[in-house]
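First the structure, in the form of structure tokens, and then the observations on it.
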Amino acid sequence: MTPPVDAPLWQDGWYAPAQVLRSPNFGPRPAGAQIDLLVLHSISLPPGEYGGDGVQRLFTNTLDWSAHPYYEQIRGLEVSAHFFIRRDGALWQFVSADDRAWHAGRSHYRGRDNCNDDSIGIELEGLEGSTFTVAQYATLSGLCQALRRHYPIAHVAGHEHIAPGRKHDPGAGFSWPELMQRLAWPSGVFPAGVASEPQP
Ligand SMILES: [Zn+2]
């Protein structure tokens, strides 16, 4: 969906090109929060199955925990991310980027704890260790550019970088060089060492 040229791209933290499905799992950011970090994740529900509505249901607390054996492991979980990018590149938004979504958990990056306070979470439909689609990189890079024009983004990292050892997404199948090439941002924006990771 392309908004009319005179419509604002952002309205109260909502990005006009995204399909909106509001999650109740959010809260206010701390006063004075410097929203300078983008956190990339991967998710699919059930794991490895694409195209269903499991992620949308998880983020809106409407997932039927008995619908799949895996869901028993996450029963009762209340989480959210600001954005979700499907395999075909379709973009969804669940929480205003002005608000605090619940995607990072216990985390530490660029000298600060509790990354949910001052980051924006972007979920890629996928599986840790598996690759992502060209359409996803295209949507992701466009979203990153739009975010950086609206927020003081200075860092992009994976969940695995802000919660090392505890989290492993988006994983080795995510091509940081692909994203870096598309964005052409200074290499210091990205986690140390990812530029030399092999292309999947
Ligand atoms: Zn994650």
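The values are calculated or read from the model by the stated rules, or taken from the named source; none is laboratory data. Quick caveat, the model's predicted, so the values are computed rather than measured. Positions of Cβ are generated from backbone atoms using ideal geometry, with glycine treated the same way; all protein chains shown enter the neighbour counts. What goes into the accessible areas is simple: the full protein's heavy atoms, side chains included, and nothing from ligands, DNA or RNA. Shrake-Rupley method; radii C 1.70, N 1.55, O 1.52, S 1.80 Å.
Restricting attention to the range 80-96, the residues that are buried (at least 21 other Cβ atoms within 10 Å of the Cβ), out of contact with any Leu (no Cβ under 7 Å at 6 or more places or on another chain) and part of a loop (DSSP other than H, G, I, E, B) add up to 5. Does the range 39-47 include one or more residues that are open to solvent by 70 Å² or more (accessible area, probe 1.4 Å) and either part of a strand (DSSP E or B) or in contact with an Asp or Glu (Cβ under 8 Å, 6 or more places away or on another chain) (or both)? Looking for residues that are open to solvent by 70 Å² or more (accessible area, probe 1.4 Å) and either part of a strand (DSSP E or B) or in contact with an Asp or Glu (Cβ under 8 Å, 6 or more places away or on another chain) (or both), one finds none in the range 39-47, hence no. Looking across the range 103-155, the residues that are part of a helix (DSSP H, G or I), within 14 Å of Ala81 (Cβ to Cβ) and within 16 Å of the ligand (Cβ to nearest atom) come down to Cys115, Asn116, Leu140.
For Tyr50, the criteria (1) among the aromatic types (Phe, Trp, Tyr); (2) more than 18 Å from Gln136 (Cα to Cα); (3) open to solvent by 50 Å² or more (accessible area, probe 1.4 Å) hold in every case but one, which is (2).
The set of residues in the range 135-160 being among the hydrophobic types (A, V, I, L, M, F, W, C) and in contact with an Asp or Glu (Cβ under 8 Å, 6 or more places away or on another chain) consists of Ala135, Ile153, Ala154. When the range 166-193 is limited to residues that are open to solvent by less than 70 Å² (accessible area, probe 1.4 Å) and without any contact (Cβ under 8 Å) to a residue 24 or more places away in the chain, the one that is farthest from Gln11 (Cα to Cα) turns out to be Gly193. Screening Leu77 on (1) over 21 Å from Gly13 (Cα atoms); (2) open to solvent by less than 60 Å² (accessible area, probe 1.4 Å) shows it passes everything except condition (2).
If you go through the range 156-197 and keep only what is within 21 Å of Gln34 (Cα to Cα) and more than 16 Å from the ligand (Cβ to nearest atom), you end up with Trp185, Pro186, Ser187, Gly188, Val189, Phe190. Residues in the range 97-116 that are farther than 19 Å from Phe26 by Cα and buried (at least 18 other Cβ atoms within 10 Å of the Cβ): 1 in all. Yes or no: the range 54-64 includes at least one residue that is part of a loop (DSSP other than H, G, I, E, B), touching a helix residue (DSSP H, G or I) at 6+ places or on another chain (Cβ under 6 Å) and farther than 22 Å from Gly158 by Cβ. Yes, the range 54-64 contains a residue that is part of a loop (DSSP other than H, G, I, E, B), touching a helix residue (DSSP H, G or I) at 6+ places or on another chain (Cβ under 6 Å) and farther than 22 Å from Gly158 by Cβ.
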